[in-house]
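To start, the structure itself, in structure tokens.
FYI, it's all coordinate maths here, none of it is from the lab. What you see is a predicted model; the values in this text were computed from it and never measured. Here the Cβ positions follow ideal geometry from the backbone for every residue, glycine too, while neighbour counts run over all protein chains shown.
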Amino acid sequence: MKRRTRGPGLAALTALEARRMLLRRSYLAFTALAALAPLLVALLLRDPLQRLIALLHLPRGTLSNTWLAMLGSTRALGPLARGGLAALGLPLGGATAYAWIIAPLLAAATTAGDIAEGRLQLLAARPVTRAKLVAAKLLALEASLAALYLVSAASAYLAASIALGPQSRPWLAPVYAAVLAAAQAPLLLATMAIGLRTRRVAAAALLGILLYFAGSLVSAAPMIAAIQAASHGQPQALRQALDEIQVLNVVEPLHAAPSITRMVLDAAIAGLHAHPETSIASGVYAATSHTYAELLAYAAASQAAATTALYAATVLAFRRQTL
């Protein structure tokens, strides 16, 4: 009786894919940018920022959460952010600002790039299921992105410490990295499936980026309603529209990663049962009706459903490509 060959396990496949990802020039370039850019800006702006802080007579510790503002948190600077001091967060300090470019580029390379290199058929020839191969690629992408985002968060923490003084809550760096990477799973899977179809890295990456922006359109209708309500002096309609925007921004799976990550950071500062604040007029802020806990629960359900559906679609596309 012929003995069935046992293929490599999921952990071994994931490690193999992650090793290849970590050696890609594009990944190394993004990691270097994430590590060095905030530090260089901090060194350049340290003296003028210190003079500004002295001029404003800010108490010690007032800016201890600035590094979290660099990562996208709206609660990090509290009332100071409303006075325009959020600019102290140093521009482009965190990976959130360009994660929408990084993720599709790397996801496209894992499928379309493998096809171009002739590697996909070799992988498919192994005695492993297509589902396991797709899972390994996704996990490798998630792990690689989480590592990159952790480097970015650590750099933001160091940059803010250099320019503005001691920072607090360093434990949020790995939380930020893990949440941002995990929340990008639907976009990663969608781009991987597109890469299998187009067989071109550039085309797949571009379509993945366009998908990301298309996801933002789900909040277009309530955004228009909010503008109309504000112009007509209807505070109740304005608040309802802003509530809808908050929910849609976290449940739309392809575009939600920055919003979800921001809410996790804000919830760590204000508490899960606090209500996000939204600007309803120039200098006027109001709490929305949903708590952070409720919005994050909606986001988790949406992410789970979208990831499951897109994973199945990507496995099907993989099977068709390697028949």
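Tell me, what HN-Hα J-couplings in whole Hz come from the Karplus equation 6.51 cos²θ - 1.76 cosθ + 1.60 at θ = phi - 60° for each residue of the range 192-198, using x for Gly and Pro?
For the range 192-198, the Karplus curve yields 4, 5, 5, x, 5, 7, 7 Hz.
Computed from the mean reciprocal separation of all distinct C-alpha pairs, what Kirkwood hydrodynamic radius does the range 10-215 have, in Å?
Result for the range 10-215, one decimal place: 18.3 Å.
For Ala15 and Thr129 in the same chain, what is the full-extension length gain: residue separation times 0.36 nm, less their Cα-Cα distance, in nm?
Using 0.36 nm per residue and subtracting the Cα-Cα distance, I get 39.4 nm.
For labels at Glu277 and Phe213 in the simple 7 Å Cα→Cβ model, what's the distance in nm?
Rounded to a tenth, the inter-label distance reads 3.2 nm.
Quick check: residue separation of Glu117 and Leu36 times 0.36 nm, minus the Cα distance between them. What number comes out in nm?
Between Glu117 and Leu36, full extension yields an extra 26.0 nm.
At 7 Å along Cα-to-Cβ for each site, give me the label-to-label distance between Leu52 and Leu22 in nm.
About 3.8 nm separates the two model spin labels.
Apply the a/c threshold of 1.5 to the C-alpha gyration tensor of the range 149-205 and tell me whether it is rounded, prolate or oblate.
Because a/c hits 1.5 or more and a/b exceeds b/c, the range 149-205 counts as prolate.
Read phi for every residue in the range 127-137 and hand back ³J(HN,Hα) as whole Hz from Karplus 6.51 cos²θ - 1.76 cosθ + 1.60, θ = phi - 60°, with x for Gly and Pro.
Along the range 127-137, the couplings run x, 9, 6, 5, 4, 5, 5, 5, 4, 5, 5 Hz.
Give me Arg19, Arg46 ranked fewest to most by other Cβ atoms within 10 Å of their Cβ, as a rough exposure proxy.
Arg19, Arg46
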